[in-house]
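Everything on this sheet refers to the single structure shown next.
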Amino acid sequence: MHGAYPFPSVAGNSPGMFASSGDANSGLQREIDTGIGGFGDFTLAPVSPPGAQPLQQWPSGVSDEVLAARVAEIIATTDLMTITKKQVRQQIMMRFGLSADEEKARRDFINQRITSELERRQAGA
(Lines give C-alpha, C1' and ligand atoms only; values in the text may rest on other atoms or scores of the structure.)
Protein backbone atom coordinates (compact mmCIF):
# COMPACT_ATOMS: atom_id res chain seq x y z
CA MET A 1 0.00 0.00 0.00
CA HIS A 2 2.97 2.29 -0.28
CA GLY A 3 1.96 5.36 -2.22
CA ALA A 4 -1.66 5.14 -1.14
CA TYR A 5 -1.02 7.62 1.63
CA PRO A 6 0.05 11.22 1.06
CA PHE A 7 2.96 10.90 3.50
CA PRO A 8 6.09 8.73 3.47
CA SER A 9 6.25 5.80 5.84
CA VAL A 10 8.90 5.71 8.54
CA ALA A 11 11.68 3.26 7.74
CA GLY A 12 10.42 -0.20 8.62
CA ASN A 13 6.91 1.00 9.34
CA SER A 14 3.87 0.99 7.11
CA PRO A 15 1.04 3.51 7.34
CA GLY A 16 -1.25 2.66 10.21
CA MET A 17 1.59 1.15 12.22
CA PHE A 18 4.01 2.65 14.74
CA ALA A 19 7.12 1.44 16.46
CA SER A 20 7.12 0.60 20.14
CA SER A 21 8.73 3.00 22.57
CA GLY A 22 11.92 0.96 22.18
CA ASP A 23 14.13 0.93 19.13
CA ALA A 24 12.35 1.86 15.87
CA ASN A 25 14.02 -1.09 14.14
CA SER A 26 13.24 -3.60 16.88
CA GLY A 27 10.31 -5.03 14.91
CA LEU A 28 7.93 -4.49 17.84
CA GLN A 29 5.10 -2.75 16.07
CA ARG A 30 1.45 -2.36 16.99
CA GLU A 31 -1.42 -1.42 14.79
CA ILE A 32 -3.12 1.87 15.64
CA ASP A 33 -6.66 1.25 16.83
CA THR A 34 -8.85 3.39 14.61
CA GLY A 35 -12.14 2.22 16.06
CA ILE A 36 -13.65 1.77 12.60
CA GLY A 37 -13.58 -2.01 12.32
CA GLY A 38 -16.58 -4.24 11.74
CA PHE A 39 -17.80 -2.74 8.47
CA GLY A 40 -19.10 -6.15 7.39
CA ASP A 41 -21.88 -5.99 9.97
CA PHE A 42 -24.19 -3.57 8.20
CA THR A 43 -25.96 -3.05 4.91
CA LEU A 44 -26.58 0.16 3.04
CA ALA A 45 -30.09 1.43 2.63
CA PRO A 46 -31.08 2.71 -0.82
CA VAL A 47 -30.32 6.39 -1.17
CA SER A 48 -32.56 8.71 -3.12
CA PRO A 49 -31.05 11.55 -5.09
CA PRO A 50 -31.18 14.99 -3.45
CA GLY A 51 -34.60 16.53 -3.79
CA ALA A 52 -36.27 13.21 -4.58
CA GLN A 53 -39.64 12.59 -3.04
CA PRO A 54 -40.20 9.45 -0.99
CA LEU A 55 -41.89 6.52 -2.72
CA GLN A 56 -45.55 7.37 -3.11
CA GLN A 57 -48.55 5.48 -4.39
CA TRP A 58 -50.32 7.60 -6.97
CA PRO A 59 -54.02 7.18 -7.87
CA SER A 60 -53.05 6.25 -11.44
CA GLY A 61 -50.65 3.56 -10.20
CA VAL A 62 -47.95 4.94 -12.54
CA SER A 63 -44.47 5.07 -10.97
CA ASP A 64 -42.00 7.91 -11.35
CA GLU A 65 -39.71 5.57 -13.30
CA VAL A 66 -42.45 4.88 -15.87
CA LEU A 67 -43.14 8.61 -16.23
CA ALA A 68 -39.42 9.34 -16.64
CA ALA A 69 -39.14 6.66 -19.34
CA ARG A 70 -42.11 8.14 -21.20
CA VAL A 71 -40.61 11.64 -20.99
CA ALA A 72 -37.37 10.28 -22.49
CA GLU A 73 -39.37 8.58 -25.26
CA ILE A 74 -41.30 11.76 -26.07
CA ILE A 75 -38.12 13.87 -26.13
CA ALA A 76 -36.38 11.32 -28.38
CA THR A 77 -39.22 11.16 -30.93
CA THR A 78 -40.53 14.73 -31.08
CA ASP A 79 -39.38 17.84 -32.91
CA LEU A 80 -38.09 19.80 -29.93
CA MET A 81 -38.58 23.09 -31.77
CA THR A 82 -42.35 22.59 -31.81
CA ILE A 83 -43.22 21.06 -28.43
CA THR A 84 -43.59 22.66 -25.01
CA LYS A 85 -43.33 21.21 -21.51
CA LYS A 86 -47.08 21.62 -21.19
CA GLN A 87 -47.62 19.52 -24.32
CA VAL A 88 -45.31 16.81 -22.96
CA ARG A 89 -47.29 16.77 -19.71
CA GLN A 90 -50.57 16.58 -21.68
CA GLN A 91 -49.27 13.59 -23.65
CA ILE A 92 -48.34 11.88 -20.38
CA MET A 93 -51.78 12.62 -18.90
CA MET A 94 -53.51 11.12 -21.92
CA ARG A 95 -51.20 8.10 -22.14
CA PHE A 96 -51.53 7.10 -18.48
CA GLY A 97 -54.92 8.56 -17.58
CA LEU A 98 -53.55 10.93 -14.94
CA SER A 99 -56.15 13.17 -13.37
CA ALA A 100 -55.65 16.93 -13.41
CA ASP A 101 -54.97 16.83 -9.67
CA GLU A 102 -52.32 14.13 -10.03
CA GLU A 103 -50.70 15.94 -12.96
CA LYS A 104 -50.57 19.11 -10.88
CA ALA A 105 -49.01 17.23 -7.94
CA ARG A 106 -46.41 15.61 -10.23
CA ARG A 107 -45.76 18.63 -12.46
CA ASP A 108 -42.45 19.58 -10.86
CA PHE A 109 -41.17 16.01 -11.19
CA ILE A 110 -42.21 15.82 -14.86
CA ASN A 111 -40.65 19.22 -15.60
CA GLN A 112 -37.40 18.14 -13.92
CA ARG A 113 -37.34 14.97 -16.04
CA ILE A 114 -37.95 17.01 -19.20
CA THR A 115 -35.10 19.38 -18.34
CA SER A 116 -32.67 16.60 -17.43
CA GLU A 117 -33.52 14.66 -20.61
CA LEU A 118 -32.98 17.76 -22.75
CA GLU A 119 -29.64 18.40 -21.02
CA ARG A 120 -28.62 14.76 -21.52
CA ARG A 121 -29.45 14.91 -25.21
CA GLN A 122 -27.65 18.24 -25.63
CA ALA A 123 -24.51 16.85 -23.94
CA GLY A 124 -24.58 13.84 -26.26
CA ALA A 125 -25.05 15.94 -29.42
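Starting from the 7 Å offset along Cα-to-Cβ, what nm value, one decimal, do you get for the label separation of Glu65 and Met94?
The two pseudo-label positions are separated by 2.8 nm.
Using a simple spin-label model with points 7 Å from Cα along the Cα→Cβ vector, what separation in nm is obtained for Leu80 and Arg107?
Once both label points are built, they end up 2.4 nm from each other.
Please give me the summed charge of the neighbours of Asp64: other residues whose Cβ is under 10 Å from its Cβ, Lys and Arg +1, Asp and Glu -1. Walk me through the numbers on the way to the answer.
Working: positive: Arg106, Arg113; negative: Glu65.
Summing Lys/Arg as +1 and Asp/Glu as -1 gives +1.
Any chance you could look up the accessible area of Arg107 with a 1.4 Å probe, heavy atoms only, rounded to 10 Å²?
90
The values are calculated or read from the model by the stated rules, or taken from the named source; none is laboratory data. A quick note: this is a predicted structure, and the numbers were derived from the prediction, not measured. Reconstructed Cβ throughout: ideal geometry from the backbone, glycine too, with neighbour counts over all protein chains shown. Side chains included, ligands, DNA and RNA excluded: accessible areas come from the protein's heavy atoms. Shrake-Rupley method; radii C 1.70, N 1.55, O 1.52, S 1.80 Å.
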